[in-house]
Amino acid sequence: MATNTSFQLFSSSKDKPSLGLGFLESSEPQLPPPPPSVEVLSSEVSSSVKYTVEPVYLDGLTLLKGRVSTKEVLGLPNSDLVPGIYEGGLKLWEGSLDLVKALRSEIQNGCLSFEGKRVLELGCGHGLPGIFACLESAAEVHFQDFNAEVLQCLTIPNVNANLLEKAKPETVSEVRFFAGDWGEIHQLLPLARESEINLTSSSEHGQASAYDVILMAETIYSISAQRNLYGLIKKCMNQPNGVVYLAGKKHYFGVGGGTRQFLSMLEKEGVMAATLVTEVADGSSNVREVWKLSYK
(Lines give C-alpha, C1' and ligand atoms only; values in the text may rest on other atoms or scores of the structure.)
Protein backbone atom coordinates (compact mmCIF):
# COMPACT_ATOMS: atom_id res chain seq x y z
CA MET A 1 0.00 0.00 0.00
CA ALA A 2 1.33 3.43 -0.92
CA THR A 3 0.19 6.64 0.68
CA ASN A 4 0.57 10.40 0.25
CA THR A 5 2.46 10.34 -3.02
CA SER A 6 2.19 13.43 -5.21
CA PHE A 7 1.50 12.83 -8.88
CA GLN A 8 3.83 14.06 -11.60
CA LEU A 9 3.41 12.53 -15.03
CA PHE A 10 6.45 14.17 -16.62
CA SER A 11 9.83 14.70 -14.99
CA SER A 12 10.30 18.11 -16.63
CA SER A 13 8.63 20.37 -19.18
CA LYS A 14 10.92 19.20 -21.97
CA ASP A 15 9.70 15.63 -21.44
CA LYS A 16 6.10 16.48 -22.25
CA PRO A 17 4.78 15.08 -25.54
CA SER A 18 3.87 17.71 -28.08
CA LEU A 19 0.30 16.44 -28.48
CA GLY A 20 -0.63 17.16 -24.85
CA LEU A 21 -4.16 15.80 -24.48
CA GLY A 22 -4.23 14.06 -27.81
CA PHE A 23 -5.34 10.82 -26.16
CA LEU A 24 -8.58 12.51 -25.20
CA GLU A 25 -9.31 13.18 -28.85
CA SER A 26 -9.05 9.58 -30.01
CA SER A 27 -12.01 8.38 -32.01
CA GLU A 28 -14.74 6.47 -30.20
CA PRO A 29 -18.11 5.29 -31.50
CA GLN A 30 -20.66 8.09 -31.62
CA LEU A 31 -23.08 7.77 -28.72
CA PRO A 32 -26.83 8.46 -28.72
CA PRO A 33 -28.02 11.74 -27.16
CA PRO A 34 -28.01 11.50 -23.35
CA PRO A 35 -31.30 11.32 -21.46
CA PRO A 36 -32.56 14.64 -20.04
CA SER A 37 -31.31 15.58 -16.59
CA VAL A 38 -33.92 15.05 -13.87
CA GLU A 39 -34.15 15.09 -10.11
CA VAL A 40 -35.45 11.77 -8.80
CA LEU A 41 -37.43 12.10 -5.60
CA SER A 42 -37.00 9.65 -2.74
CA SER A 43 -40.69 8.83 -3.09
CA GLU A 44 -40.09 7.62 -6.65
CA VAL A 45 -38.38 4.46 -5.48
CA SER A 46 -39.41 1.52 -7.64
CA SER A 47 -41.79 -1.01 -6.13
CA SER A 48 -42.00 -3.23 -9.21
CA VAL A 49 -38.39 -4.48 -9.27
CA LYS A 50 -37.18 -7.26 -6.97
CA TYR A 51 -34.64 -5.80 -4.53
CA THR A 52 -32.74 -8.01 -2.11
CA VAL A 53 -30.39 -6.70 0.59
CA GLU A 54 -26.92 -8.07 1.29
CA PRO A 55 -24.28 -6.97 3.84
CA VAL A 56 -20.89 -5.66 2.70
CA TYR A 57 -18.07 -6.11 5.20
CA LEU A 58 -15.30 -3.49 5.00
CA ASP A 59 -12.60 -3.99 7.65
CA GLY A 60 -14.91 -3.65 10.64
CA LEU A 61 -17.55 -1.53 8.91
CA THR A 62 -20.75 -3.15 7.64
CA LEU A 63 -22.88 -1.47 4.99
CA LEU A 64 -25.97 -2.78 3.21
CA LYS A 65 -26.30 -3.04 -0.56
CA GLY A 66 -29.06 -4.21 -2.82
CA ARG A 67 -29.11 -6.64 -5.69
CA VAL A 68 -31.36 -6.12 -8.73
CA SER A 69 -31.55 -7.53 -12.23
CA THR A 70 -30.25 -5.41 -15.12
CA LYS A 71 -32.77 -7.06 -17.38
CA GLU A 72 -35.64 -6.32 -15.01
CA VAL A 73 -34.60 -2.68 -14.43
CA LEU A 74 -33.51 -1.64 -17.93
CA GLY A 75 -34.63 -4.43 -20.24
CA LEU A 76 -30.98 -5.18 -21.03
CA PRO A 77 -29.02 -8.41 -20.72
CA ASN A 78 -26.79 -8.65 -17.65
CA SER A 79 -23.97 -6.44 -18.89
CA ASP A 80 -21.42 -4.23 -17.14
CA LEU A 81 -22.38 -1.28 -19.35
CA VAL A 82 -23.82 -0.20 -22.69
CA PRO A 83 -22.12 3.12 -23.58
CA GLY A 84 -24.55 6.02 -23.85
CA ILE A 85 -27.47 3.91 -22.62
CA TYR A 86 -26.45 2.24 -19.37
CA GLU A 87 -23.23 3.18 -17.57
CA GLY A 88 -22.87 0.28 -15.16
CA GLY A 89 -24.62 1.69 -12.10
CA LEU A 90 -26.28 -1.59 -11.08
CA LYS A 91 -22.95 -3.35 -10.53
CA LEU A 92 -20.97 -2.95 -7.33
CA TRP A 93 -17.52 -1.99 -8.58
CA GLU A 94 -14.36 -2.69 -6.58
CA GLY A 95 -13.37 0.97 -6.64
CA SER A 96 -16.46 1.90 -4.63
CA LEU A 97 -15.33 -0.36 -1.80
CA ASP A 98 -11.75 0.92 -2.07
CA LEU A 99 -13.07 4.47 -1.77
CA VAL A 100 -15.11 3.77 1.38
CA LYS A 101 -12.09 2.14 3.01
CA ALA A 102 -9.87 5.07 2.04
CA LEU A 103 -12.37 7.63 3.36
CA ARG A 104 -12.59 5.77 6.66
CA SER A 105 -8.80 5.73 6.91
CA GLU A 106 -8.60 9.45 6.11
CA ILE A 107 -11.06 10.18 8.94
CA GLN A 108 -9.16 7.97 11.39
CA ASN A 109 -5.91 9.75 10.46
CA GLY A 110 -7.44 13.19 10.97
CA CYS A 111 -7.19 14.12 7.28
CA LEU A 112 -10.94 14.33 6.59
CA SER A 113 -14.21 15.13 8.31
CA PHE A 114 -17.66 14.92 6.76
CA GLU A 115 -19.41 16.61 9.68
CA GLY A 116 -21.48 19.53 8.38
CA LYS A 117 -20.08 19.16 4.85
CA ARG A 118 -21.88 19.33 1.49
CA VAL A 119 -21.08 16.17 -0.47
CA LEU A 120 -21.65 15.09 -4.07
CA GLU A 121 -21.16 11.53 -5.30
CA LEU A 122 -20.77 11.37 -9.07
CA GLY A 123 -21.58 8.15 -10.94
CA CYS A 124 -22.94 6.82 -7.67
CA GLY A 125 -24.55 3.50 -8.63
CA HIS A 126 -24.95 1.71 -5.29
CA GLY A 127 -23.99 4.94 -3.53
CA LEU A 128 -21.90 3.38 -0.76
CA PRO A 129 -19.34 6.23 -0.50
CA GLY A 130 -22.15 8.79 -0.28
CA ILE A 131 -23.97 6.63 2.25
CA PHE A 132 -20.79 6.51 4.32
CA ALA A 133 -20.68 10.33 4.22
CA CYS A 134 -24.26 10.37 5.54
CA LEU A 135 -23.29 8.08 8.40
CA GLU A 136 -20.39 10.43 9.18
CA SER A 137 -22.79 13.38 9.71
CA ALA A 138 -22.52 15.21 6.39
CA ALA A 139 -25.04 18.06 6.18
CA GLU A 140 -26.07 17.32 2.59
CA VAL A 141 -25.31 14.41 0.28
CA HIS A 142 -26.37 14.52 -3.35
CA PHE A 143 -26.18 11.37 -5.46
CA GLN A 144 -25.78 11.52 -9.26
CA ASP A 145 -26.00 8.68 -11.78
CA PHE A 146 -26.44 8.57 -15.54
CA ASN A 147 -29.61 6.47 -15.30
CA ALA A 148 -32.71 7.51 -13.35
CA GLU A 149 -33.66 3.82 -13.16
CA VAL A 150 -30.48 3.09 -11.18
CA LEU A 151 -31.44 5.73 -8.62
CA GLN A 152 -35.05 4.51 -8.37
CA CYS A 153 -34.30 0.80 -8.18
CA LEU A 154 -30.97 0.67 -6.32
CA THR A 155 -29.47 3.90 -4.93
CA ILE A 156 -32.53 5.17 -3.07
CA PRO A 157 -33.33 1.73 -1.59
CA ASN A 158 -29.68 1.39 -0.52
CA VAL A 159 -29.74 4.80 1.15
CA ASN A 160 -32.97 3.95 2.92
CA ALA A 161 -31.71 0.56 4.09
CA ASN A 162 -28.51 1.99 5.56
CA LEU A 163 -29.82 5.20 7.07
CA LEU A 164 -32.90 3.66 8.66
CA GLU A 165 -30.63 1.03 10.18
CA LYS A 166 -27.67 3.12 11.29
CA ALA A 167 -28.16 6.90 11.16
CA LYS A 168 -28.53 8.91 14.36
CA PRO A 169 -31.77 10.94 14.28
CA GLU A 170 -30.00 14.16 15.30
CA THR A 171 -27.46 13.93 12.45
CA VAL A 172 -29.56 12.82 9.48
CA SER A 173 -28.20 14.24 6.23
CA GLU A 174 -30.33 15.93 3.60
CA VAL A 175 -30.19 13.57 0.61
CA ARG A 176 -31.20 14.26 -2.99
CA PHE A 177 -30.84 12.30 -6.21
CA PHE A 178 -30.07 13.49 -9.74
CA ALA A 179 -29.89 11.62 -13.06
CA GLY A 180 -28.20 12.83 -16.20
CA ASP A 181 -25.05 13.23 -18.25
CA TRP A 182 -21.95 14.97 -16.82
CA GLY A 183 -22.06 17.52 -19.63
CA GLU A 184 -25.51 18.76 -18.58
CA ILE A 185 -26.22 17.78 -14.97
CA HIS A 186 -24.66 20.98 -13.56
CA GLN A 187 -27.80 22.80 -14.73
CA LEU A 188 -29.78 20.81 -12.17
CA LEU A 189 -27.39 20.30 -9.25
CA PRO A 190 -28.29 22.81 -6.50
CA LEU A 191 -24.68 23.59 -5.54
CA ALA A 192 -23.15 23.76 -9.03
CA ARG A 193 -22.25 26.84 -11.06
CA GLU A 194 -23.30 27.51 -14.65
CA SER A 195 -19.65 27.81 -15.72
CA GLU A 196 -16.29 26.66 -14.43
CA ILE A 197 -15.08 28.80 -11.56
CA ASN A 198 -12.96 31.83 -12.46
CA LEU A 199 -9.76 30.94 -10.65
CA THR A 200 -8.47 34.51 -10.94
CA SER A 201 -11.41 35.93 -8.99
CA SER A 202 -11.71 36.26 -5.26
CA SER A 203 -11.52 32.92 -3.50
CA GLU A 204 -14.66 33.85 -1.60
CA HIS A 205 -16.71 34.06 -4.80
CA GLY A 206 -19.29 31.29 -5.01
CA GLN A 207 -18.42 29.75 -1.64
CA ALA A 208 -22.08 29.31 -0.69
CA SER A 209 -22.88 27.37 -3.86
CA ALA A 210 -20.34 24.60 -4.09
CA TYR A 211 -19.62 21.13 -2.73
CA ASP A 212 -17.02 20.64 0.00
CA VAL A 213 -16.33 17.00 -0.93
CA ILE A 214 -16.85 15.24 -4.26
CA LEU A 215 -16.68 11.45 -4.34
CA MET A 216 -16.36 9.26 -7.41
CA ALA A 217 -15.42 5.64 -8.03
CA GLU A 218 -14.78 3.95 -11.38
CA THR A 219 -15.85 7.07 -13.29
CA ILE A 220 -12.81 7.60 -15.51
CA TYR A 221 -12.93 4.47 -17.69
CA SER A 222 -14.18 6.34 -20.78
CA ILE A 223 -11.70 8.69 -22.46
CA SER A 224 -14.48 10.57 -24.26
CA ALA A 225 -16.26 11.37 -20.96
CA GLN A 226 -13.22 12.63 -19.07
CA ARG A 227 -13.44 16.23 -20.29
CA ASN A 228 -17.08 16.54 -19.22
CA LEU A 229 -16.30 14.95 -15.87
CA TYR A 230 -13.41 17.32 -15.18
CA GLY A 231 -15.47 20.30 -16.29
CA LEU A 232 -18.27 19.25 -13.95
CA ILE A 233 -15.85 18.95 -11.04
CA LYS A 234 -14.68 22.53 -11.61
CA LYS A 235 -18.29 23.73 -11.67
CA CYS A 236 -19.12 21.94 -8.43
CA MET A 237 -16.01 22.03 -6.24
CA ASN A 238 -15.68 24.57 -3.44
CA GLN A 239 -12.71 26.90 -3.85
CA PRO A 240 -10.19 26.95 -2.27
CA ASN A 241 -10.90 24.20 0.30
CA GLY A 242 -12.92 21.66 -1.67
CA VAL A 243 -11.54 18.16 -2.23
CA VAL A 244 -12.24 15.28 -4.58
CA TYR A 245 -11.66 11.63 -3.73
CA LEU A 246 -11.27 9.54 -6.88
CA ALA A 247 -11.07 5.74 -6.98
CA GLY A 248 -10.29 3.83 -10.15
CA LYS A 249 -7.97 1.52 -12.00
CA LYS A 250 -4.61 2.72 -13.21
CA HIS A 251 -5.60 1.46 -16.68
CA TYR A 252 -8.93 0.20 -18.03
CA PHE A 253 -7.85 -2.32 -20.61
CA GLY A 254 -10.12 -2.46 -23.63
CA VAL A 255 -11.84 0.89 -23.04
CA GLY A 256 -8.85 3.22 -22.85
CA GLY A 257 -9.31 5.25 -19.68
CA GLY A 258 -7.52 5.15 -16.35
CA THR A 259 -6.38 7.22 -13.40
CA ARG A 260 -3.06 8.20 -15.00
CA GLN A 261 -4.69 9.58 -18.15
CA PHE A 262 -7.18 11.56 -16.09
CA LEU A 263 -4.48 12.92 -13.80
CA SER A 264 -2.32 13.96 -16.73
CA MET A 265 -5.17 16.23 -17.84
CA LEU A 266 -5.19 17.87 -14.41
CA GLU A 267 -1.43 18.29 -14.44
CA LYS A 268 -1.44 19.89 -17.87
CA GLU A 269 -3.95 22.54 -16.79
CA GLY A 270 -2.10 23.12 -13.53
CA VAL A 271 -5.13 24.08 -11.42
CA MET A 272 -5.35 21.07 -9.12
CA ALA A 273 -2.86 18.92 -7.24
CA ALA A 274 -3.25 15.16 -6.86
CA THR A 275 -2.04 13.03 -3.95
CA LEU A 276 -2.14 9.25 -3.87
CA VAL A 277 -4.10 8.09 -0.82
CA THR A 278 -3.85 4.34 -1.30
CA GLU A 279 -2.96 1.70 -3.84
CA VAL A 280 -4.51 -1.76 -4.07
CA ALA A 281 -2.79 -4.63 -5.88
CA ASP A 282 -4.97 -7.72 -5.69
CA GLY A 283 -2.75 -10.07 -7.67
CA SER A 284 -4.19 -9.13 -11.06
CA SER A 285 -2.25 -7.24 -13.72
CA ASN A 286 -4.13 -4.03 -12.96
CA VAL A 287 -3.66 -1.79 -9.93
CA ARG A 288 -6.49 0.14 -8.28
CA GLU A 289 -5.87 3.53 -6.73
CA VAL A 290 -7.54 6.21 -4.62
CA TRP A 291 -6.42 9.81 -5.21
CA LYS A 292 -7.19 13.07 -3.43
CA LEU A 293 -7.55 16.18 -5.63
CA SER A 294 -7.43 19.73 -4.31
CA TYR A 295 -6.80 23.23 -5.61
CA LYS A 296 -3.17 24.31 -5.69
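The values are calculated or read from the model by the stated rules, or taken from the named source; none is laboratory data. In this text the structure is predicted, and so the values were computed from the model without any measurement. Methodologically, a virtual Cβ is constructed for each residue, glycine included, from the backbone with ideal geometry; neighbour enumeration extends over all protein chains shown. What goes into the accessible areas is simple: the full protein's heavy atoms, side chains included, and nothing from ligands, DNA or RNA. Shrake-Rupley method; radii C 1.70, N 1.55, O 1.52, S 1.80 Å.
Name, by its number, the condition in (1) among the hydroxyl-bearing types (S, T, Y); (2) modelled with pLDDT under 90; (3) closer than 19 Å to G95 by Cβ that does not hold for T259.
(2)
Only one of G84, G88 is out of contact with any Ser or Thr (no Cβ under 7 Å at 6 or more places or on another chain) and under 24 Å from V287 (Cα atoms). Can you tell me which?
The unique qualifying residue is G88.
Per-residue answers, yes or no, for (1) modelled with pLDDT of 95 or more; (2) out of contact with any strand residue (DSSP E or B) (no Cβ under 7 Å at 6 or more places or on another chain); (3) surrounded by fewer than 16 Cβ atoms within 10 Å (Cβ to Cβ):
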| site | (1), (2), (3) |
| --- | --- |
| N147 | no, no, no |
| K166 | no, yes, yes |
| I185 | yes, no, no |
| S195 | no, yes, yes |
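Among the residues of the range 88-102, are any aromatic (F, W, Y) and open to solvent by 40 Å² or more (accessible area, probe 1.4 Å)?
yes
Does the range 214-263 hold any residues that are closer than 18 Å to Y295 by Cα, open to solvent by 10 Å² or more (accessible area, probe 1.4 Å) and among the aliphatic types (A, V, I, L, M), and which are they?
Correct list: V243 only.
Looking at this structure, is A179 under 25 Å from A102 (Cα atoms) and modelled with pLDDT of 95 or more?
For A179, the condition - under 25 Å from A102 (Cα atoms) and modelled with pLDDT of 95 or more - is not met.
Examine the range 56-66 for a residue that is in contact with a His (Cβ under 8 Å, 6 or more places away or on another chain) and modelled with pLDDT under 95, and state whether such a residue exists.
no
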